[in-house]
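Notes follow the structure.
Values quoted throughout were computed directly from the atomic coordinates according to the rules given, and no laboratory measurement underlies them. Keep in mind it's a predicted model, so treat the numbers as computed, not measured. FYI the Cβ positions are ideal-geometry reconstructions off the backbone, even for glycines, and counts take in every protein chain you see.
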Ligand SMILES: C[S@@+](CC[C@H](N)C(=O)[O-])C[C@H]1O[C@@H](n2cnc3c(N)ncnc32)[C@H](O)[C@@H]1O
């Protein structure tokens, strides 16, 4: 219950760390986050005009990557409840794409109006995951694509042990120093460790009504890219 409450309020924490968020990401992931977002962009079809919605867009790194790598994106929309994150996103996008201040559990877009929904490192922060998945399904067109990037834990036990040591003890300290908020980075490791990743998340996608579900493990399994489609 406590975490559900914290998740419902997590956008306030992102407002506090917004200015240092990108720098902390680059450093703490040793630049891997850039590679993961590129991998996400490669999963976006390049053969037809697309409307893309990026949920939990934050400072818009996903949208920027997509717009740079996919010239067929006609409409790009980013959504996030944290206004300070969106203020940075607005500067970075420099007029490309539009931004909505909102919640993934209640998306202010019409039914079947979006070809691609992305969400990078956001689903873990949502209090009611099933509600958000229902909303994604609602706004996607028939045969539309969902791409979710999220942290996970390495399967290999030796790598997992080393990673957990870094994740629990080193990352909150360095993240706290860079972003000025130790709590934000201990929240990160707690929510990642309790998130039902891999097959468990694929099962939730299936239960929500998605099809053609795949999970691609990235960088020893410290992140996973999930792709799924709506029925044609
Ligand atoms: C770790 S950041 C990810 C930002 C960006 N997608 C990226 O790849 O860097 C998580 C974002 O989720 C947003 N968030 C928190 N709760 C949310 C919700 N219920 N719906 C949509 N976004 C939410 C936060 O405000 C924050 O900007």
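Data table
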quantity	calculated
Percent antiparallel among DSSP beta bridges (both partners in the stretch 17-146, rounded to 5)	5
Extended-chain gain in nm, criterion 0.36 nm per residue less alpha-carbon gap, residue 108 and residue 130	6.2 nm
Stokes-Einstein translational diffusion, the stretch 33-148 - Kirkwood Rh over all Cα pairs, 1.002 mPa s, 20 °C, in µm²/s	154
Average Cα contact separation per residue, the stretch 160-232, under 8 Å, 6 or more apart, as relative contact order %	18
Semi-axis lengths, Å, the chain, gyration tensor of Cα atoms, sqrt of 5 times eigenvalues	26, 20, 17
Cα long-axis angle, helix 182-194 against the chain (0 to 90 degrees, to the nearest 10)	70
Viscosity 0.890 mPa s, 25 °C: Kirkwood-radius Stokes-Einstein D of the stretch 181-226 over Cα pairs, µm²/s	205
Percentage of interatomic Cα-Cα distances in the stretch 140-229 larger than 17 Å	56
If the convex hull is drawn through the Cα atoms of the stretch 59-103, its volume per residue in Å³	61
Protection proxy ranking, peptides 192-205, 213-226, 74-87, average beta carbon neighbours within 10 Å, highest first	74-87, 213-226, 192-205
Helix 83-93 axis, angle to the chain major axis (alpha carbon atoms, nearest 10°)	60
Degrees, to the nearest 10: 10-28 long Cα axis against longest axis of the chain	80
Cβ crowding within 10 Å averaged over residues, with 16-23, 152-159 ranked highest first	16-23, 152-159
Contact order normalised by residue count of the chain, Cα under 8 Å, 6+ apart, percent	20
DSSP bridge orientation in the chain - percent antiparallel, rounded to nearest 5	40
Residue 74 paired with residue 164, simple spin-label distance in nm, labels 7 Å along Cα-to-beta-carbon	5.0
Centroid-to-centroid separation of the stretch 28-75 and the stretch 109-141 [C-alpha atoms, Å]	16
Value of [θ]222 nm, deg cm²/dmol, for the chain, DSSP H segments ≥ 4, -39500 (n - 2.57) each, nearest 500	-14000 deg cm²/dmol
Pairs of Cα atoms farther than 17 Å apart, the stretch 126-169, %	56
Debye log10 I(q)/I(0) for the stretch 1-98, one point scatterer per Cα, at q = 0.25 Å⁻¹	-1.32
